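Right, one structure below, let's go through it.
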Amino acid sequence: MKAALYPNFQKKNALACAREACDVLAAAGIETAVSGVFRETFADKPNMIFEDICVSAETADVVLAIGGDGTILRCAKLLIGSDTKLLGINTGTLGFMAGLEADQLDKLAMLTTGEFEISQRMTLDVLYHGSDGDITATVLNEVSARSGSFRICDFEVYSDDYLIGRYRADGVLFSTPSGSTAYSLSAGGPVIEPDLECIEMTLICPHSLFSRATLFSPTRRLRMKDTTVRDDSMVINVDGEHFMSLGAGDSIEICRGKNNINFIDIIGNSFHESLCKKMCKPIK
């Protein structure tokens, strides 16, 4: 069995966590790989393989993303289209997408016994139609669209060419169930179990007294068109990274992604445990 490390050493305790993970994996007889840029960091660890993470994404059985949810998101993008599984180890703040906390590394030995569950997380494909041609991206959490000048936007949303509504808001989010606990939650959207399959639409600060998040079947093809009458355009971000700006006549389409990402859950029900421990605390 082969495991690869994808650490984010900007996170507190990530270095110590990664080194301890190496020891646990070695004791379990699991071959371990890490990027060559970390050669000096792991030089004292025997039997380490130093190779590019893109190689490991194709050849490893599992990749351990060590950091916060952002680290796990970046790692997940590298695994799109492969059968390699992803295990997040949280050294960040919330870690909703993590399967283990930094103090649970002893459980990594269970990777060799198969004592874990696989959670298949759906993705979204976003397609930009505009003057620059068609450009695509794949997201695990969400597609966000809002004004680049932080002013109110006017836009239309269609489902399979049927007009769902015309909206005035600061923007709109199209999220996967995995992304329901990210930006969408802060915008008033519901918590959705990550194993479910649906597309969530949440308006950002809508100019309306009656506005709720909407869930669509994963088979729907959604289209959003910016109808704001002014020069500045809506900015499209995918998983927090800039993707495109919409100009006059431009639009984006959102549909279920072609590929799932396989997350490992070793302790069982790790999503609900994270939800209860990290989001249901009394306000102090």
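The values are calculated or read from the model by the stated rules, or taken from the named source; none is laboratory data. As the structure is a computational prediction, the values presented were derived from the model and not from experiment. Heads up, the Cβs are rebuilt from the backbone with ideal geometry, glycines too, and the neighbour counts pull from every protein chain shown. These area figures cover heavy atoms from the full protein model, side chains too; ligands, DNA and RNA do not enter into them. Shrake-Rupley method; radii C 1.70, N 1.55, O 1.52, S 1.80 Å.
Tell me, what is the percent relative contact order of the chain, built from C-alpha pairs under 8 Å that lie six or more residues apart?
On the way: 658 pairs, mean separation 54.7, N = 284.
Dividing the mean separation by the residue count of the chain yields 19 percent.
Please check: in the Gaussian network model of the chain (C-alpha springs, under 10 Å), which one of C198, C54, C255 has the largest mean-square fluctuation.
Of C198, C54, C255, the Gaussian network model singles out C54 as fluctuating most.
Which value, in Å², gives the accessible area per residue of the chain when a 1.4 Å probe is used on the protein heavy atoms? Provide the component values of the computation, followed by the final result.
Working: 13460 Å² over 284 residues.
On a per-residue basis, 47 Å².
Scan the stretch 27-80 for trypsin sites (Lys or Arg not before Pro) in coil per DSSP, keeping those whose Cβ has at most 13 other Cβ atoms within 10 Å, and list them by number.
Taking the stretch 27-80 and a limit of 13 other Cβ atoms within 10 Å, the loop trypsin sites (Lys or Arg not before Pro) found are R39.
Ignoring ligands, DNA and RNA, what percent of the 1.4 Å accessible area of the chain is carbon and sulfur?
On the way: 6710 of 13460 Å².
That fraction is 50 percent.
Enumerate by residue number the GluC sites (Glu not before Pro) in the stretch 1-78 meeting two conditions: DSSP loop (anything except H, G, I, E, B), and at most 16 other Cβ atoms within 10 Å of the site's Cβ.
Here the sparse-neighbourhood loop sites are E40, E51.
Looking at the stretch 152-212, which chymotrypsin sites (Phe, Trp or Tyr not before Pro) are in a loop (DSSP not H, G, I, E or B) and have at most 13 other Cβ atoms within 10 Å? Walk me through the numbers before you get to the answer.
Details: sites: F155, Y158, Y162, Y167, F174, Y183, F210; in loops: F210.
Sites meeting the loop and neighbour criteria: F210.
Cα-based Rg (one decimal) and Dmax (whole number) for the stretch 138-284, in Å?
16.0, 52
Which value in nm describes the separation of the simple spin-label points at D83 and H129, placed 7 Å from the Cα toward the beta carbon?
3.7 nm
Of L15, L163, L222, which is the most mobile in a GNM of the chain whose springs link Cα atoms less than 10 angstrom apart?
Checking each option, the largest mean-square fluctuation is seen for L163.
Under the Kirkwood approximation applied to all pairs of distinct alpha-carbon atoms, what is the hydrodynamic radius of the stretch 60-150 in Å?
The Cα-based Kirkwood calculation yields 15.2 Å.
How tilted is helix 69-79 with respect to the longest principal axis of the chain? Cα atoms for both, answer in degrees (0 to 90, nearest 10).
80 degrees
Give me the mean projected area, in nm² to one decimal, of the convex hull enclosing the Cα positions of the stretch 204-284.
That works out to 9.8 nm², a quarter of the Cα hull's surface.
Any idea what angle helix 270-279 forms with the longest principal axis of the chain, computed on alpha-carbon atoms, 0 to 90 degrees, nearest 10?
70 degrees
Round to the nearest 0.05 the FRET efficiency obtained for H207 and C276 when R0 = 30 Å and r is the Cβ-Cβ distance.
Using R0 = 30 Å, I get an efficiency of 0.30.
State the label only: which of (1) 6, 25, 28, 21, 12, 6, 2, 0; (2) 6, 26, 35, 23, 7, 3, 0; (3) 6, 28, 30, 21, 12, 3, 0 corresponds to P(r) over Cα pairs in 10 Å bins from 0, in percent computed from the shown model?
(3)
Quick one: helix 14-27 against the long Cα principal axis of the chain, what's the angle to the nearest 10°, folded into 0 to 90?
50 degrees
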